[in-house]
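First the structure, in the form of structure tokens, and then the observations on it.
The values are calculated or read from the model by the stated rules, or taken from the named source; none is laboratory data. These numbers come from a predicted model, not from an experiment. All Cβ positions, glycine included, derive from the backbone under ideal geometry; neighbour counts span all protein chains shown.
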Amino acid sequence: MKITLNGKEKQMDSPCTIAELIESVRQKPQRIAVQLNTHIIKRDEYANHTLQDGDVIEMLHFVGGGATPSNRKAAS
């Protein structure tokens, strides 16, 4: 089975769920947003969605950060 993950083709030995895919690429589900074939999938549904041949998955990573009060002063 072939899927596209973040723009790259990935060959899968067998069908798996979104949760299993996240685990296989060593990501933390709490820090991932998943888009499956243009639809955002809710985190509590990752284990219920089995991927199919040809699916397109985008995994978006949450990144924290930004300006802190001391950084804002320096930038002024």
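Can you tell me which residues in the range 42-68 are under 21 Å from S14 (Cα atoms) and either of a type in the set (A, V, I, L, M) or modelled with pLDDT under 90 (or both)?
Once the filter is applied, which keeps residues that are under 21 Å from S14 (Cα atoms) and either of a type in the set (A, V, I, L, M) or modelled with pLDDT under 90 (or both), the range 42-68 yields A47, L51, V56, I57, M59.
Could you please find all residues in the range 24-36 being closer than 19 Å to V63 by Cα and either touching an Asp or Glu at 6+ places or on another chain (Cβ under 7 Å) or modelled with pLDDT of 90 or more (or both)?
Residues satisfying the conditions are A33, V34, Q35.
Can you name the condition, by its number, that E9 falls short on among (1) among the charged types (D, E, K, R); (2) modelled with pLDDT under 95; (3) surrounded by fewer than 11 Cβ atoms within 10 Å (Cβ to Cβ)?
The one condition E9 does not meet is (2).
Kindly indicate whether I3 is among the β-branched types (V, I, T) and surrounded by 15 or more Cβ atoms within 10 Å (Cβ to Cβ).
yes
Can you tell me which residue in the range 1-20 is farthest from N48 (Cα to Cα), limited to those that are of a type in the set (S, T, Y) and without any contact (Cβ under 8 Å) to a residue 40 or more places away in the chain?
Step by step, filter the range 1-20, then rank; the result is S14.
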